[in-house]
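**Q** Pasting in a structure now, in structure tokens, and then I'll have a few things to ask.
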Amino acid sequence: MRLKVTLLAVLVVGIALVAGGSVLTALLGSALTDQVCQDARARAAQLAASPSAASRPVSTSRELVQLIDRSGHVIGGDPKLASPGSECVRVEPPGHGEDFVFAAASITSGGEVVVGRPLVDVLDSTQFVRRILAAGLPLMLLIVGGVTWVVTGRMLAPVTAIRREVDEITATELHRRVPARRADEIGRLATTMNRMLDRLQRSHEAQQRFVSDASHELRSPIAAIRQHTEVAQAHPGRTTVDELATTVLAEDLRMQCLVDDLLLLARSDEAGSELRCTPVDLDDLVFAEARRLRSATSLTIDTTAVSAGQIHGDEAALARMIHNLADNAARHARSGIGFGLCESDGAVVLTVSDDGPGIPPGDRARVFDRFVRLGTARSRDSGGTGLGLAIVADVVRRHRGTIRITGPATFETRLPRPG
């Protein structure tokens with residue numbers, strides 16, 4: 001880029017200098033020629049006003065003079081000249097080998113005086129200017145190229161520093177940042193790259209935490225299965241096949257739920273993951289989930305606050321969201337769970353609440369993070385994987401909605417109605 005800018009600058013300046021020099025010499029030649037014409041007119045007028053001078057015209061190397069009578073015959077001076085009329089003309093007289101300009105002036109007694117002045121000084125002046133320009137053009141282009149090369153190098157030095165720094169940043173050094181000490185476009189570029197590196201670092205750290213937490217969660221059921229199997233193998237009389245199968249099946253189901261949740265979040269994180277949007281009646285999904293809870297638990301399920309509510313979305317994902325909210329409520333409820341569904345301000349509002357201990361205000365934001373368990377929810381016997389509410393938050397986000405905890409144990413989800 002530095003070489004291209006330098007060559008472009010030299011080319012542009014070279015073209016400008018050649019064009020400007022040509023115009024300059026043309027204007028200079030025209031101005032000097034006009035001056036010689038004025039001198040010729042003045043000399044012709046002077047001779048026409050002096051009868052004695054006009055009667056004896058004398059030509060020299062610096063001036064040609066001719067006297068013409070009323071009938072147009074040459075009566076004195078150089079006989080090879082032609083009258084220019086009322087204009088000043090440029091011609092090369094026979095036998096002189098150089099250009100002259102001629103001007104004429106009328107004599108009061110009749111006839112006219114023709115005066116010619118050579119243009120050798122004009123030609124010499126313009127030729128001198130051309131030589132000066134021809135000699136100075138390479139020097140000027142050399143100076144322009146050198147200055148452009150140095151200035152471009154200094155301007156691109158921060159870009160080179162940014163490139164070198166970025167080239168050295170690896171996945172294990174995402175904490176490094178490029179220098180951003182300028183207030184111009186390069187400085188703004190560096191700031192933008194640093195923001196990109198911030199996002200990459202946060203994403204990398206989140207991925208590392210996710211892998212670490214997932215490994216830890218998967219290790220627990222595997223360790224439990226291995227422990228019970230080793231005990232049964234070492235002490236056959238302490239357990240029965242049914243007890244061992246029950247334990248292994250429970251841990252296997254726990255691991256299957258965890259793997260399913262991990263796959264669901266992984267697919268959601270994939271770029272270009274699209275929702276299959278169709279009209280969905282949320283009230284139907286809520287009533288179906290309420291029937292499941294009534295058959296699976298002894299809790300009181302209240303659906304009296306559920307009214308009609310339709311949105312455009314992925315029915316399977318929305319059913320999973322409601323299922324996770326209901327499971328979370330059932331896990332912590334003492335005696336009952338309440339569902340609510342209504343339309344408000346262009347949105348469908350879904351609420352799920354329970355009469356459990358609730359969530360402290362300071363933890364209400366982070367319960368939607370992955371693998372988060374709060375105090376009373378940390379027991380693995382409760383069946384939680386720490387991913388249920390993370391999946392809820394992801395589904396709500398992908399449907400351009402919001403979710404918040406409005407009471408001690410009330411989850412309020414707002415989803416936009418179809419336009």
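The values are calculated or read from the model by the stated rules, or taken from the named source; none is laboratory data. Here the structure is a predicted model, which means the values were calculated and not measured. Neighbour counts are summed over all protein chains in view; Cβ atoms, including those assigned to glycine, are modelled from backbone coordinates with ideal geometry. Protein only, heavy atoms only, side chains kept; ligands, DNA and RNA dropped before computing areas. Shrake-Rupley method; radii C 1.70, N 1.55, O 1.52, S 1.80 Å.
**Q** When you look at Val115, is it out of contact with any Gly (no Cβ under 7 Å at 6 or more places or on another chain) and in contact (Cβ under 8 Å) with a residue 60 or more places away in the chain, yes or no?
**A** Yes; evaluated as a whole, the condition is true for this residue.
**Q** Tally the residues that are open to solvent by 50 Å² or more (accessible area, probe 1.4 Å) and under 56 Å from the mean Cα position of the chain (by Cα), restricting the search to the stretch 20-49.
**A** 8
**Q** May I ask you to say which residue of Arg90, Arg56 is modelled with pLDDT under 80 and closer than 30 Å to Leu133 by Cα?
**A** Arg90
**Q** Restricting to the stretch 331-366, and then to whatever is more than 15 Å from Ile405 (Cα to Cα), among the hydrophobic types (A, V, I, L, M, F, W, C) and surrounded by fewer than 20 Cβ atoms within 10 Å (Cβ to Cβ), can you tell me which residue is nearest to the chain's Cα centre (by Cα)?
**A** By that ranking, first place goes to Ala347.
**Q** Please tell me if Gly375 is over 20 Å from Leu264 (Cα atoms), modelled with pLDDT of 70 or more, open to solvent by 20 Å² or more (accessible area, probe 1.4 Å) and not aliphatic (A, V, I, L, M).
**A** Considered against the rule, which asks whether it is over 20 Å from Leu264 (Cα atoms), modelled with pLDDT of 70 or more, open to solvent by 20 Å² or more (accessible area, probe 1.4 Å) and not aliphatic (A, V, I, L, M), Gly375 comes out as no.
**Q** Go through the stretch 272-283 and count every residue that is touching an Asp or Glu at 6+ places or on another chain (Cβ under 7 Å) and either part of a loop (DSSP other than H, G, I, E, B) or modelled with pLDDT of 90 or more (or both).
**A** Of the residues in that region, 4 qualify.
**Q** Right, here's the next one. Quick check, is Arg199 closer than 30 Å to Leu249 by Cβ, out of contact with any Lys or Arg (no Cβ under 6 Å at 6 or more places or on another chain), open to solvent by 50 Å² or more (accessible area, probe 1.4 Å) and not aromatic (Phe, Trp, Tyr)?
**A** In short, no.
**Q** Among residues belonging to the stretch 3-19 that are open to solvent by less than 80 Å² (accessible area, probe 1.4 Å) and not aliphatic (A, V, I, L, M), point out the one that is nearest to Trp149 (Cα to Cα).
**A** Thr6
**Q** A further question follows. Any residue in the stretch 122-142 that is among the charged types (D, E, K, R) sitting within a Cβ distance under 6 Å of a residue that is open to solvent by less than 80 Å² (accessible area, probe 1.4 Å)? List the pairs, counting only those 6 or more apart or interchain.
**A** If the second residue must be open to solvent by less than 80 Å² (accessible area, probe 1.4 Å), the pairs left are Arg130/Thr25.
**Q** Then there's this: Every residue in the stretch 153-174 that is loosely packed, with under 10 Cβ neighbours inside 10 Å and at pLDDT 75 or above, please.
**A** Correct list: Arg154, Asp167, Glu168.
**Q** Okay, moving on. Could you pull out every one of the strands (runs of 3 or more DSSP E) wholly within the stretch 284-368 that has 3 or more residues that are out of contact with any Phe, Trp or Tyr (no Cβ under 8 Å at 6 or more places or on another chain)?
**A** Hits in the stretch 284-368: 310-313, 336-344, 347-354.
**Q** Considering only the stretch 180-199, state which residues are over 14 Å from the mean Cα position of the chain (by Cα) and within 11 Å of Val166 (Cβ to Cβ).
**A** Across the stretch 180-199, the qualifying residues are Asn194, Leu197.
**Q** Okay, next question. Would you check if there is a residue in the stretch 240-257 being in contact (Cβ under 8 Å) with a residue 60 or more places away in the chain and within 30 Å of His228 (Cβ to Cβ)?
**A** yes
**Q** Out of the residues in the stretch 217-252 that are within 49 Å of the chain's Cα centre (by Cα) and open to solvent by less than 90 Å² (accessible area, probe 1.4 Å), which is nearest to Phe371 (Cα to Cα)?
**A** Glu217
**Q** I've got another one for you. Tell me which residues, restricted to the stretch 182-196, are exposed (fewer than 13 other Cβ atoms within 10 Å of the Cβ) and either of a type outside the set (A, V, I, L, M, F, W, C) or touching a residue at least 24 places away in the same chain (Cβ under 8 Å) (or both).
**A** Those that are exposed (fewer than 13 other Cβ atoms within 10 Å of the Cβ) and either of a type outside the set (A, V, I, L, M, F, W, C) or touching a residue at least 24 places away in the same chain (Cβ under 8 Å) (or both): Asp184, Glu185, Arg188, Thr192, Arg195.
**Q** Would you confirm, using the coordinates I've provided, whether Thr297 is touching a helix residue (DSSP H, G or I) at 6+ places or on another chain (Cβ under 6 Å) and surrounded by fewer than 17 Cβ atoms within 10 Å (Cβ to Cβ)?
**A** The answer is yes for Thr297.
**Q** In the stretch 103-138, how many are assigned to a strand (DSSP E or B) and either of a type outside the set (D, E, K, R) or under 58 Å from the mean Cα position of the chain (by Cα) (or both)?
**A** Going through the stretch 103-138 one residue at a time, the tally reaches 9.
**Q** Further question on the same structure: Which ones in the stretch 343-365 are among the hydrophobic types (A, V, I, L, M, F, W, C) and closer than 17 Å to Ala330 by Cα?
**A** Passing the criteria: Leu350, Val352, Ile359.
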